[in-house]
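Here is the structure we will look at, set down as structure tokens.
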Amino acid sequence: KQSRYYSIARCAVEPARVSEGRIGTTTSKEVGAMADLSEIATEDLMAEVQRRLKCQDKPEKRLILVGPPGSGKGTQSPAIKKDHCLCHLATGDMLRAAVAAKTPLGMEAKAAMESGALVSDDLVVGIIGEAIKKPECRTGFVLDGFPRTVAQAQKLDEMLTSRGTEVDKVLSFEVPDSLLVERVTGRWIHPGSGRSYHEKFAPPKTPGLDDMTGEPLIKRKDDNAETIKTRLAAFHAQTAPVLQVS
């Protein structure tokens, strides 16, 4: 049954295609930190100019990635962003950026987090609305990690409709639970960059060390079998129905 909110493209994900791979690109955050253009290598500047020229001919796209934890959303998002010249919107990153920028919505979110309360759906949707107005989102976006419930999907739809726009496609990542448990429990992360590895599917060149920096990799506290099974149950109960909204 197709959602009335989105045109759904289902992705039966193969392990080798979305294993927790390594992406060794300079992030926009890293480039943004270089306030003086003289500090940026000429090759990087030329690459950015070429990217912008290429993006001029790209059609607008607004995509949402839906899938259980460990399905590869975080791995695929940068590739989709690059190929289609989109901005990548991750709700956690957007919340932190709004708080750091001290926007009105960011201050509301900060107050909620400091009090131990959950950030409301309305606040998150508002922060998404702020983010998609930025120049880098002019050609569209790939939204990762939201919506997680039917109520959130409805609020997101209302916000986009009020702006005269809509989501073009939802990419649904479908992976067997047993494989997800194996994938998540074998995952290792480089904390400085977010690069991820897997002891079986995408191991680092040197066990326990990041390929680019040689720094130690870590395991997230919630990357264990018990936690992932709880998160999978929550996904099936709360998020999967988003794809069935009529």
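Remark: spin-label model distance Lys58-Ala234 equals 3.1 nm, labels positioned 7 Å along the Cα→Cβ axis. Under a 5 Å amide H cut-off, with hydrogens placed 1.01 Å from N, Arg62 pairs with Phe141, Asp168, Lys169 among residues at least 5 apart or on other chains. Distance between the modelled labels on Thr149 and Asp177, one decimal in nanometres: 2.1 nm (7 Å Cα→Cβ projection).
The distance between label points at Glu215 and Leu45 comes to 2.8 nm (points 7 Å beyond Cα on the Cα→Cβ vector). In straight-distance terms, cross-link reach from Lys61 covers every one of the aspartates and glutamates whose alpha-carbon lies under 16 Å from its own, apart from those fewer than eight places away in the same chain; here that gives Asp83, Glu136, Asp144, Asp157, Glu166, Asp168. Our coupling estimate for the stretch 46-51, obtained by passing each phi through the Karplus curve with A = 6.51, B = -1.76, C = 1.60 and θ = phi - 60°, is 5, 4, 5, 4, 5, 4 Hz, Gly and Pro reported as x.
How long is the gain from Lys82 to Ala101 if the chain were fully straight, where each residue apart is worth 0.36 nm and the alpha carbon distance is subtracted? Can you show the working numbers first?
Working: separation 19, 0.36 × 19 = 6.84 nm, distance 2.55 nm.
Result: 4.3 nm gained on full extension.
Coupling constants for the stretch 128-139 follow from the phi torsions by the Karplus curve (6.51 cos²θ - 1.76 cosθ + 1.60, θ = phi - 60°), and in residue order they are 4, x, 5, 5, 6, 7, 6, x, 5, 9, 4, 8 Hz; glycine and proline get x.
Using alpha carbons only, how many angstrom separate the centre of the stretch 36-76 from the centre of the stretch 182-244? If you average the Cα positions of each part, the centres end up 23 Å apart.
Readers should treat all values here as calculations from the given coordinates under stated rules, not as data from a laboratory. In this text the structure is predicted, and so the values were computed from the model without any measurement. Quick reminder, even Gly has a Cβ in these numbers, built from the backbone with ideal geometry, and neighbours come from all protein chains shown.
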